[in-house]
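What follows is one structure encoded as structure tokens, with my remarks underneath.
The values are calculated or read from the model by the stated rules, or taken from the named source; none is laboratory data. Everything numeric here is computed off the predicted structure, so don't read it as measured data. Positions of Cβ are generated from backbone atoms using ideal geometry, with glycine treated the same way; all protein chains shown enter the neighbour counts.
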Amino acid sequence: MKGSKLFKNVRLKGQKELVSILVEDGIFKKIAADIPQEKTVGCEEVDLNGQLVVPPYVDPHLHLDYVFTASLGEENGSGTLFEGIQRWSESKGNMTVAQMKERIYSGIRKEMLHGVQAIRTHIDVTDPTFTGLKAAIFPFILNSSRLFKFLSSKIPDISSP
């Protein structure tokens, strides 16, 4: 089958018996100790030799607009959250949408490379120019959408980077 893989000798969390996983076109079709051979004809086979397979990770709290900014501005000498917030407030105004977008995309790439499939992010909206919001959200919104039109009427210069 085109685009099909059979992962053999897979260890699942909490199970002693090894299983096989049949994936067709990126969709898990079957997880079982014995998958009938007629279902696996033409599949690429991958022997995992008892390696553990786990679901992808979810990062439930990530400030994507803050990634890779620790070296910007003054150092957080006390190491406290309150000073960190103050230092961020001082340095965020010097960032452009393009700079922030590059950091955000780099952060997303790193998360993906470490097995994260979903990210719940928080964006700083205390910036009067909404730099972080523009960098993180608006590349994904089509200009013709009702949401974009609504937000465009509320936030000045939303369409320009």
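General remarks:
- Residues of segment 1-26 that are on the phi > 0 side of the Ramachandran plot and in a strand (DSSP E or B): ASN9 alone.
- For segment 90-106, the criterion of being aliphatic (A, V, I, L, M), in contact (Cβ under 8 Å) with a residue 60 or more places away in the chain and surrounded by 15 or more Cβ atoms within 10 Å (Cβ to Cβ) is met by at least one residue.
- Per the listing THR131, THR126, the residue uniquely polar (S, T, N, Q), surrounded by fewer than 13 Cβ atoms within 10 Å (Cβ to Cβ), more than 30 Å from LYS8 (Cβ to Cβ) and out of contact with any Leu (no Cβ under 9 Å at 6 or more places or on another chain) is THR126.
- The requirement of being surrounded by 10 or more Cβ atoms within 10 Å (Cβ to Cβ), free of Cβ contacts under 8 Å to residues at least 40 places away in the same chain, of a type outside the set (Phe, Trp, Tyr) and not in a helix (DSSP H, G or I) is not satisfied by GLU45.
- Among the candidates LYS110, LYS29, the residue that is surrounded by 11 or more Cβ atoms within 10 Å (Cβ to Cβ), of a type in the set (Lys, Arg), assigned to a helix (DSSP H, G or I) and within 25 Å of the chain's Cα centre (by Cα) is uniquely LYS110.
- Listed conditions (1) at pLDDT below 85; (2) part of a loop (DSSP other than H, G, I, E, B) are all met by LEU151, apart from (2).
- Residues that are surrounded by fewer than 10 Cβ atoms within 10 Å (Cβ to Cβ) and part of a loop (DSSP other than H, G, I, E, B) within segment 59-74 comprise just one, SER71.
- Options PRO36, PRO56; residue that is touching a residue at least 60 places away in the same chain (Cβ under 8 Å) and loosely packed, with under 13 Cβ neighbours inside 10 Å: PRO56
- Screening ILE119 against (1) free of Cβ contacts under 8 Å to residues at least 60 places away in the same chain; (2) under 19 Å from the mean Cα position of the chain (by Cα) leaves a single unmet condition, (1).
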